[in-house]
Amino acid sequence: MPSTALRSRAASLRHPRRRAAVPPEGTRERLLAGAAAEFAARGFAGASVDRIARAARVNKAMIYYHFASKAALYREILGDMFRAVCARVRAVADTDRSPEDKLLGFTQAIAAEARARPHFPPTWFREIAEGGAHLDAATLADIAQIIATLAAIVEEGAAAGRFRRINPLVVHGGIVAPILLFFASERLRARVEKAGIPRAAQIDPEEVVAHVHRVTLAVLQQGPK
């Protein structure tokens with residue numbers, strides 16, 4: 001009579017699907033890239049796991065091998081951005097730079113991370129329009145930490161008599177909104193340029209960062225401190 005091991009081996013040969021599937025190297029990265037493009041184009045509700053799988057060149061089962069659900073995949077993409085921004089702005093705040101320079105570093109951090117992830121601005125605008133319905137507690141905590149870091153920079157400037165005190169959410173919105181709009185509007189600006197507006201598609205991101213920083217300083221430095 002064949003041993004248990006031999007019977008198991010024979011069964012696995014008759015039923016190859018029982019073998020543990022090992023995803024090819026790079027599958028997770030391709031899934032994240034395909035999902036990022038899909039969510040940016042269609043938002044969470046409109047995104048299709050079938051399209052994501054085709055873009056990643058894998059079967060749909062591989063999505064659930066790496067991620068528990070479509071929502072988990074989406075949260076990973078959003079969380080990646082906010083974790084990166086949170087780490088970068090905290091590093092800026094922990095330096096001995098002046099409050100003005102820290103504010104510039106904060107603005108540069110937002111721009112650098114948004115530029116590194118072209119999918120993020122349109123995805124985030126869609127999520128904002130839906131009231132942040134798909135954010136998990138960890139991502140919300142990172143967002144809160146980013147705003148708290150900016151609040152600490154503003155308070156440091158106010159304590160030194162260099163800034164006036166203002167709600168940090170107002171400052172945050174004044175920095176983040178124009179930067180994300182700039183990156184999200186790249187294709188639209190190309191069309192606007194063809195319609196007759198010179199250099200609409202050729203604006204240097206550093207020019208935008210410098211403009212946002214000047215406007216933010218003007219708001220913080222005007223009036224009684």
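Points worth noting:
- Given (1) over 19 Å from T149 (Cβ atoms); (2) open to solvent by 20 Å² or more (accessible area, probe 1.4 Å); (3) small (G, A, S), index of the condition A47 fails: (2)
- Of the residues making up segment 144-164, those that are surrounded by 14 or more Cβ atoms within 10 Å (Cβ to Cβ) and part of a loop (DSSP other than H, G, I, E, B) are R162, F163, R164.
- D101 being under 25 Å from P168 (Cα atoms), open to solvent by 40 Å² or more (accessible area, probe 1.4 Å) and of a type in the set (D, E, K, R): yes
- Close pairs (9 angstrom Cβ cut-off, 6 or more residues apart or separate chains): free of Cβ contacts under 8 Å to residues at least 24 places away in the same chain and in a loop (DSSP other than H, G, I, E, B) in segment 32-48, among the aliphatic types (A, V, I, L, M) and buried (at least 16 other Cβ atoms within 10 Å of the Cβ) anywhere: none
- For segment 186-219, filtered to residues that are in a helix (DSSP H, G or I) and in contact with a Phe, Trp or Tyr (Cβ under 8 Å, 6 or more places away or on another chain), the residue that is nearest to N167 (Cα to Cα) is V208.
- The number of residues in segment 109-120 that are buried (at least 17 other Cβ atoms within 10 Å of the Cβ) and not hydrophobic (A, V, I, L, M, F, W, C) comes to 3.
Residue by residue, here is whether (1) in a helix (DSSP H, G or I); (2) out of contact with any Ser or Thr (no Cβ under 9 Å at 6 or more places or on another chain); (3) open to solvent by 80 Å² or more (accessible area, probe 1.4 Å); (4) on the phi > 0 side of the Ramachandran plot holds:
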| residue | (1), (2), (3), (4) |
| --- | --- |
| Y64 | yes, yes, yes, no |
| A71 | yes, yes, no, no |
| I77 | yes, no, no, no |
| F82 | yes, no, no, no |
| C86 | yes, no, no, no |
| D96 | no, yes, yes, no |
| T107 | yes, no, no, no |
| W124 | yes, yes, no, no |
| A138 | yes, yes, no, no |
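- Flag for I146 being in contact with a Cys (Cβ under 6 Å, 6 or more places away or on another chain) and on the phi < 0 side of the Ramachandran plot: yes
- Within segment 194-214, restricting attention to residues that are in contact with a helix residue (DSSP H, G or I) (Cβ under 7 Å, 6 or more places away or on another chain) and within 14 Å of G174 (Cβ to Cβ), the residue that is surrounded by the fewest Cβ atoms within 10 Å (Cβ to Cβ) is V208.
- Residue in segment 174-181 that is under 23 Å from the mean Cα position of the chain (by Cα), loosely packed, with under 14 Cβ neighbours inside 10 Å, modelled with pLDDT of 95 or more and of a type in the set (G, A, S) present: yes
The values are calculated or read from the model by the stated rules, or taken from the named source; none is laboratory data. Remember, predicted model here, so these are calculated numbers, not experimental data. Cβ sites come from the backbone with ideal geometry, for glycine too, and all protein chains shown count toward neighbours. What goes into the accessible areas is simple: the full protein's heavy atoms, side chains included, and nothing from ligands, DNA or RNA. Shrake-Rupley method; radii C 1.70, N 1.55, O 1.52, S 1.80 Å.
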